[in-house]
Amino acid sequence: MMSITDINGLSDDAFVTTFGFLFEHSPWVVEAAALKRPFADLAAMEEAMMASLLGEGENAVLAVLRAHPELGGRALLEKTLTASSTAEQAGAGLNSLTAQEVQTFTALNTEYKARFGFPFIICVRMTNKEGIVRAMQQRLGHSRAEEIRTATDEVGKIVHLRLQDLCA
C-alpha cells in the first residue's frame, strides 16, 4: 500500500514512473499533476490530474482520448495493448468475442470513430460486453461536445480504479 505521504515524497521522475500508466499512453498528464503536490489525499491527486488534463484545452483532451485503444479491436487480438488495458478488456469478456461479436464491435468502433474522431471509451471494469455494445449504440446519438465530456468522464473512472488498485 502506498500512502499519500509516500506519494508526496516521490521525486517528480519517480512519480511519473509510478503513475504514468494511469492515462493511456499519456504520462504528461501525471507529470503536470506532479507539480501540484502535496496532495491531501488520493481524491485530491485525482482532481489535480483531471484538472491538469482539462486545463490544457480540447486538443490535449482529444490527444488523451485518441491514445485509447478500440475496445475488442485489433490491438487486443494482436496482444499489443498495455497491461492495464489487456486486463480490463479481458475482465469485460472482450478477449473471448465470438465472430459475430467481433463484427459488431468492428462496425460500432468504425462508426463511432468516424463520427467523433477518437475511439469509444468506457470504463470496462464497470460493465460487460453487452453493456459496452448498448452504450456504444446509445452514445452514437450524442453531439460531439457531449461525447467528448462523456469520454473524458470515463477516462476519469478508469484512472480512479487504476489508482485505487495501485494504492490499496
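Going through segment 129-148 one residue at a time, which ones are part of a loop (DSSP other than H, G, I, E, B) and within 16 Å of the chain's Cα centre (by Cα)? Quick ask: steps written out before the conclusion?
Restricting attention to segment 129-148, the residues satisfying the condition of being part of a loop (DSSP other than H, G, I, E, B) are 140-143.
None; the set is empty.
Identify the residue in segment 113-128 that is assigned to a helix (DSSP H, G or I) and in contact with a helix residue (DSSP H, G or I) (Cβ under 6 Å, 6 or more places away or on another chain) and, among all such residues, is nearest to residue 144 (Cα to Cα). Checking each candidate, the answer is 116. Condition check for residue 58 on (1) at negative phi; (2) in the same structural domain as residue 161 (by TED's automatic domain parsing); (3) charged (D, E, K, R): one failure, at (2).
Of the helices (runs of 4 or more DSSP H) lying entirely inside segment 36-85, not one is found with 3 or more residues being in contact (Cβ under 8 Å) with a residue 60 or more places away in the chain, within 21 Å of residue 113 (Cβ to Cβ) and of a type in the set (Lys, Arg).
Looking at 130, 147, can you tell me which residue is of a type in the set (Asp, Glu) and out of contact with any Phe, Trp or Tyr (no Cβ under 8 Å at 6 or more places or on another chain)?
On the way: 147 fails: out of contact with any Phe, Trp or Tyr (no Cβ under 8 Å at 6 or more places or on another chain).
From the options 130, 147, the qualifying one is 130.
Counting only residues that are among the aliphatic types (A, V, I, L, M) and over 13 Å from residue 94 (Cα atoms), segment 54-84 holds 9 of them. Within the bounds of segment 43-65, is there any residue that is more than 16 Å from the chain's Cα centre (by Cα), of a type in the set (A, V, I, L, M, F, W, C), surrounded by fewer than 16 Cβ atoms within 10 Å (Cβ to Cβ) and over 23 Å from residue 7 (Cα atoms)? No, that holds for no residue. Residue 106 fulfils the conditions (1) outside any loop (DSSP other than H, G, I, E, B); (2) in contact (Cβ under 8 Å) with a residue 40 or more places away in the chain; (3) surrounded by 13 or more Cβ atoms within 10 Å (Cβ to Cβ); (4) of a type outside the set (Lys, Arg) except for a single criterion, (2).
Among residues of segment 118-147 that are free of Cβ contacts under 8 Å to residues at least 24 places away in the same chain, those with a beta-carbon under 6 Å from a residue that is of a type outside the set (S, T, N, Q) and surrounded by 17 or more Cβ atoms within 10 Å (Cβ to Cβ) at least six positions away or on a different chain give the pairs 135/122. Against the definition (touching a residue at least 60 places away in the same chain (Cβ under 8 Å), exposed (fewer than 15 other Cβ atoms within 10 Å of the Cβ) and part of a helix (DSSP H, G or I)), how does residue 164 come out, yes or no? Against the criterion (touching a residue at least 60 places away in the same chain (Cβ under 8 Å), exposed (fewer than 15 other Cβ atoms within 10 Å of the Cβ) and part of a helix (DSSP H, G or I)), residue 164 qualifies. Does residue 151 fit the bill of being surrounded by fewer than 19 Cβ atoms within 10 Å (Cβ to Cβ), at pLDDT 95 or above and outside any loop (DSSP other than H, G, I, E, B)? Criteria not met by residue 151.
The values are calculated or read from the model by the stated rules, or taken from the named source; none is laboratory data. These numbers were taken from a predicted model, which means no experiment stands behind them. Note that each Cβ is placed from the backbone with ideal geometry, even for glycine, and that neighbours are counted across all protein chains shown.
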